[in-house]
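Q: This is the structure I have questions about; it appears just below.
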Amino acid sequence: MTYTVNFDAGAFFKDLNVQLKHALADALEQTAQTVQGDWQESIYRQKGMYQAYKDRYVMSVKYEVDRNNLTARIFSDDPMATPFETGEPARDLKRMLNTSEKVRVAKGGKHPGQRYMVIPFRHQTPGYTALGSDMTTDVYKQAMSLAKSSVTAKIPMRSGLNASNVRTRGPLMTMRSSYNWGGRLNGPNIPARQRGMVRMETSSGKQNRSDYLTFRVMTENSTGWIVPAKPGRFIVRGVAGRAQDMLTYNAQNAIASVAGV
């Protein structure tokens, strides 16, 4: 007869594995949330990009966690991510002359029959650069003293695209603004890009406000109007490089908490 004392530590390992897996799943989810926040914050730190584009890209960054398989995925599938990540090629803005309903056709002058567009440019008050170039304090003081210009009517005109309205079968029409012009900002001390600037009345209800605009004419023979290529910011690459360190740190803390270290 054999007398035996048996030890079975399997139950301890089973219980330990359950605790460890749960702790690692928590660490994984914590890391995914941190990486998502890091990615979003990195987007907001980028300069030279419109705030609306940043907001859209930020909102597209999401994460998924599979706690059973201990995997996580932080991702963005929005096309807006592309110009941030890999950049944009140069663009010729004169292509708008082939597509915009606002195109006009010159009836006289040096180039009769040539297509053209009048492009407004907004100039922001000092320190505010989200949607256009900002003015210096000195220029802004002079601009505020201008007599206001205003839109007096919207007049229908035939689009220079020489196309038909698919619904009415008639000529394609667009609206052209008629203005009551006030003062214009000029002088040798005014930067070239802001010469001819007007103070446009844009008040609404009880809100008294103005927009500061200049206007440029784009023609088929215009030089310039090329938006230079923008290099990629490669935000994801930087975030991914930091993500592994975050996961290692959080996982080590999870293991230590289970082991009681």
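Nothing in this text is a laboratory measurement; each read-out follows from the coordinates by a stated rule. No experiment lies behind these values; they were computed from the predicted model shown. Cβ: placed from backbone, ideal geometry, glycine included. Neighbour counts: every protein chain shown.
Q: Short version: what are the Cα gyration tensor semi-axes of segment 98-227, square root of 5 times each eigenvalue, largest first, in whole Å? If you can, show how the numbers build up before the last one.
A: Values: eigenvalues 188, 72, 37 Å².
In descending order the semi-axes read 31, 19, 14 Å.
Q: Would you kindly calculate the translational diffusion coefficient of segment 106-168, applying Stokes-Einstein with the Kirkwood radius from alpha carbon pairs, for 25 °C and a viscosity of 0.890 mPa s, and quote it in µm² s⁻¹ without decimals? It would help to have the intermediate numbers written out before the result.
A: Numbers: Rh = 16.0 Å.
The calculation lands on 153 µm²/s.
Q: In the Gaussian network model of the chain, springs joining C-alpha atoms below 10 Å, which of ASP138, ASP38, ASP211 carries the largest mean-square fluctuation?
A: ASP138
Q: How big is the antiparallel share of DSSP beta bridges in the chain, given as a percent to the nearest 5? Each step should come with its number before you reach the end.
A: Working: 33 of 35 bridges.
DSSP beta bridges in the chain are roughly 95 percent antiparallel.
Q: Would you kindly calculate the translational diffusion coefficient of the chain, applying Stokes-Einstein with the Kirkwood radius from alpha carbon pairs, for 10 °C and a viscosity of 1.306 mPa s, and quote it in µm² s⁻¹ without decimals? Working shown, then result.
A: Numbers: Rh = 24.5 Å.
Estimated diffusion coefficient is 65 µm²/s.
Q: Please report the projected area of segment 178-261's Cα convex hull averaged over all directions, in nm². The partial results should precede the final answer.
A: Details: hull surface 58.7 nm².
For the Cα atoms of segment 178-261, the hull's average projected area reads 14.7 nm².
Q: Could you work out [θ]222 nm for the chain from helices alone, using -39500 (n - 2.57) per DSSP H run of at least four and dividing by all its residues? Round to the nearest 500 deg cm²/dmol. Kindly include the intermediate steps, with their values, before the conclusion.
A: On the way: 5 runs with 83 residues, N = 261.
Calculated mean residue ellipticity at 222 nm is -10500 deg cm²/dmol.
Q: Which is farthest toward the positive dipole end of segment 82-132 among MET117, THR99, GLY87, measuring Cα position about the Cα centre, with Cβ charges +1 (Lys, Arg) and -1 (Asp, Glu)?
A: The listed residue farthest towards the positive side: MET117.
Q: Show me, for segment 212-225, the HN-Hα J-couplings you get by feeding each phi into the Karplus relation (A = 6.51, B = -1.76, C = 1.60, θ = phi - 60°), rounded to Hz, glycine and proline as x.
A: 10, 10, 10, 10, 10, 9, 9, 10, 5, 9, 5, 8, x, 6
Q: Here's another thing I want to ask about it. What is the set of long-range amide H partners of ARG184 at a cut-off below 5 Å, with H atoms built 1.01 Å from backbone N?
A: Under 5 Å from the amide H of ARG184 lies no amide H from a residue far enough along the sequence or on another chain.
Q: Let's test the formula: R0 of 45 Å, r as the Cβ-Cβ distance of SER60 and ASN186. What FRET efficiency results, to the nearest 0.05? Let's see the in-between values first.
A: Working: r = 44 Å, r/R0 = 0.99.
Efficiency computed from Cβ-Cβ geometry: 0.50.
Q: Would you please classify the overall shape of segment 86-125 from the alpha carbon gyration tensor, given that a ≥ b ≥ c denote the square roots of the eigenvalues, rounded means a/c under 1.5, and beyond that prolate means a/b larger than b/c while oblate covers the rest?
A: Numbers: a/c = 2.77, a/b = 1.55, b/c = 1.79.
Cα axes put segment 86-125 in the oblate bin.
Q: Further question on the same structure: Would you kindly derive the ³J(HN,Hα) couplings of segment 25-32 from the backbone phi angles with the Karplus curve 6.51 cos²θ - 1.76 cosθ + 1.60 (θ = phi - 60°), listing them in order in whole Hz, with x for Gly and Pro?
A: Karplus values, whole Hz, x for Gly and Pro: 5, 4, 5, 5, 5, 4, 5, 4.
Q: From the residues VAL227, GLY170, ASN253, which one has its Cα farthest along the dipole of the chain in the positive direction, the dipole being from +1 and -1 charges on Cβ of Lys/Arg and Asp/Glu about the Cα centre?
A: With unit charges placed on the Cβ atoms, the residue in question is GLY170.
Q: Under the 0.36 nm per residue contour assumption, what length would be gained going from the current alpha-carbon distance of ARG67 and GLN19 to full extension?
A: Details: separation 48, 0.36 × 48 = 17.28 nm, distance 1.28 nm.
Additional length available on full extension: 16.0 nm.
Q: In a GNM of the chain with a 10 Å cut-off on Cα contacts, which of GLY196, GLY87, GLY48 has the highest mean-square fluctuation?
A: Residue with maximal mean-square fluctuation among GLY196, GLY87, GLY48: GLY48.
Q: Arrange the following residues from fewest to most other Cβ atoms within 10 Å of their Cβ: SER60, SER145, SER164. Spell out each step's value before the answer.
A: Details: SER60 16, SER145 9, SER164 12.
Lowest count first: SER145, SER164, SER60.
Q: Helix 51-60 versus the longest principal axis of the chain: what is the Cα-based angle in degrees, 0 to 90, to the nearest 10?
A: It is inclined by approximately 30 degrees.
Q: Loop by DSSP (not H, G, I, E, B), at most 15 other beta-carbon atoms within 10 Å: where is the longest site-free stretch of the chain for GluC sites (Glu not before Pro)?
A: Values: sites that count: GLU101, GLU220.
Counting only loop sites that pass the neighbour cut-off, the longest clear stretch is 102-219.
Q: In addition: Please work out the FRET efficiency for the pair ASN98 and ARG242, using the Cβ-Cβ distance as r and a Förster radius of 41 Å; give the result to the nearest 0.05. Write down the numbers at each step before the final one.
A: Values: r = 45 Å, r/R0 = 1.09.
My answer for the efficiency is 0.35.
Q: Got a sec to turn the phi values of segment 178-192 into Karplus ³J(HN,Hα) couplings, 6.51 cos²θ - 1.76 cosθ + 1.60 with θ = phi - 60°, whole Hz, x for Gly and Pro?
A: For segment 178-192, the Karplus-derived couplings read 10, 10, 10, 7, x, x, 10, 8, 9, x, x, 8, 8, x, 4 Hz, x marking Gly and Pro.
Q: Between LYS154 and ILE255, what is 0.36 nm times their sequence separation minus the Cα-Cα distance? Round to one decimal in nm.
A: Working: separation 101, 0.36 × 101 = 36.36 nm, distance 6.96 nm.
That pair, LYS154 and ILE255, stretches by 29.4 nm at full extension.
Q: Amide H neighbours of MET173 under 5 Å, counting only residues 5+ apart in sequence or on other chains, H built in-plane at 1.01 Å?
A: Counting only residues 5 or more places away or on other chains, the set is SER159.
Q: If the cut-off is 28 Å between C-alpha atoms, which lysines fall inside it for LYS107, apart from same-chain ones fewer than 8 positions away?
A: Counting by Cα, and skipping residues close in sequence, LYS107 has these lysines nearby: LYS94, LYS154.
Q: Run the quick spin-label model on GLN207 and ILE119: label points 7 Å from Cα toward the beta carbon, then report their separation in nm to one decimal.
A: It is 2.7 nm.
Q: Would you work out which of VAL65, GLN51, PRO188 lies farthest towards the positive end of the dipole of the chain, given +1 charges on the beta-carbon of Lys and Arg and -1 on that of Asp and Glu, about the Cα centre?
A: Going by the charge dipole, the pick is PRO188.
Q: Quick one: Cα centre-to-centre distance for segment 137-210 and segment 65-81, in angstrom?
A: Centre-to-centre distance over Cα atoms comes out at 46 Å.
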